[in-house]
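Q: Got a structure for you, questions after.
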Amino acid sequence: MSGVNSCVKYLVFFFNLLIFIGGWAMVGIGIWATQNAKSFQQMITSDPAVINAVYFIIGAGGFLVVVGFFGCCGAIKENKCMLGIFFALVLVIFLVQVAGGILVFLNLPEAEEMIKNSMKQYGGSSAEDQAVTQAWDTVQSELKCCGFEGAQDWVTYGKTLKVPCNPLAYGCKYMFQKYFKVIGGVAIGILFVELFSMIFSCLIFRQAGKEDRGY
């Protein structure tokens, strides 16, 4: 029986180590978004919640680093107090991440519509129009894409005289989705790791209680 308990303990340690690493991954993704995705932000400045979400990812990642470290210590020492606090923290994080994922999915059509509408401002004279123009030029140049759905978008929004990209390139929506799939895959992986960590931490918590009572 002790061998099984030892196996569960080290599984919890392993899953918490993954949470620790996953937290650093979220921090890295968030920092990348703030430093290298400013052009994308300029397309959706009318919705500050989207930009704030990046900073939320950084904060959540940092918190996961702390929780992962805390969970590793609780698993190795089999401390009921630490395991209980760890379970509560991970449960809160798990529920927040699920709720956040649902909100992002529900607001995705609205964000896509804002990106499309920003194409109307391309080539304008105002400071905001110039920022959007620079944003589209940077995105299309770096991602090797054209328009949102495709080059025909520029025709739809009256930019027939100067299509600012290669008409044969993929639409930027396709390129955005490739990056978001990577981010989504990391997030889903972290959710599963958190779920298994909570399950195994409960097993250790219960076994620690039995040992305290001399079972």
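The values are calculated or read from the model by the stated rules, or taken from the named source; none is laboratory data. The shown structure was predicted, so the numbers you read here are calculated from the model rather than taken from an experiment. Cβ coordinates were reconstructed from backbone atoms using ideal geometry, including for glycine residues, and neighbour counts include every protein chain displayed.
A quick yes/no check of all residues on (1) under 23 Å from residue 180 (Cβ atoms); (2) in contact (Cβ under 8 Å) with a residue 40 or more places away in the chain; (3) buried (at least 16 other Cβ atoms within 10 Å of the Cβ):
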site	(1), (2), (3)
110	yes, yes, no
118	yes, yes, yes
132	yes, yes, yes
143	yes, no, yes
148	yes, no, yes
151	yes, no, yes
155	no, no, no
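Q: Then there is this: Would you pick out the residues in the range 140-164 that are hydrophobic (A, V, I, L, M, F, W, C) and modelled with pLDDT of 85 or more? Steps first, please.
A: From the range 140-164, those hydrophobic (A, V, I, L, M, F, W, C) are 143, 145-146, 148, 151, 154-155, 161, 163; that's our starting set.
Within the range 140-164, 145, 146, 148, 151, 154 meet the criteria.
Q: Return the residue satisfying two criteria in turn: it lies in the range 68-92 and is touching an Asp or Glu at 6+ places or on another chain (Cβ under 9 Å) and modelled with pLDDT of 80 or more, and of such residues it is surrounded by the fewest Cβ atoms within 10 Å (Cβ to Cβ). First the steps, then the outcome.
A: To start, the set of residues in the range 68-92 that are touching an Asp or Glu at 6+ places or on another chain (Cβ under 9 Å) comprises 78, 80, 90-91.
From what is left, the residues that are modelled with pLDDT of 80 or more are 90-91.
On the way: 90: 24, 91: 13.
Only one residue fits best here, namely 91.
Q: If you don't mind, another one. If you scan the range 120-130, which residues turn out to be outside any helix (DSSP H, G or I) and exposed (fewer than 15 other Cβ atoms within 10 Å of the Cβ)?
A: To start, the set of residues in the range 120-130 that are outside any helix (DSSP H, G or I) comprises 122-126.
Scanning the range 120-130 gives 124, 125, 126.
Q: Oh, and also: Residue check: is residue 173 in a helix (DSSP H, G or I), surrounded by 14 or more Cβ atoms within 10 Å (Cβ to Cβ), modelled with pLDDT of 85 or more and more than 23 Å from the chain's Cα centre (by Cα)?
A: Values: in a helix (DSSP H, G or I): yes; surrounded by 14 or more Cβ atoms within 10 Å (Cβ to Cβ): yes; modelled with pLDDT of 85 or more: yes; more than 23 Å from the chain's Cα centre (by Cα): no.
Answer is no for this residue.
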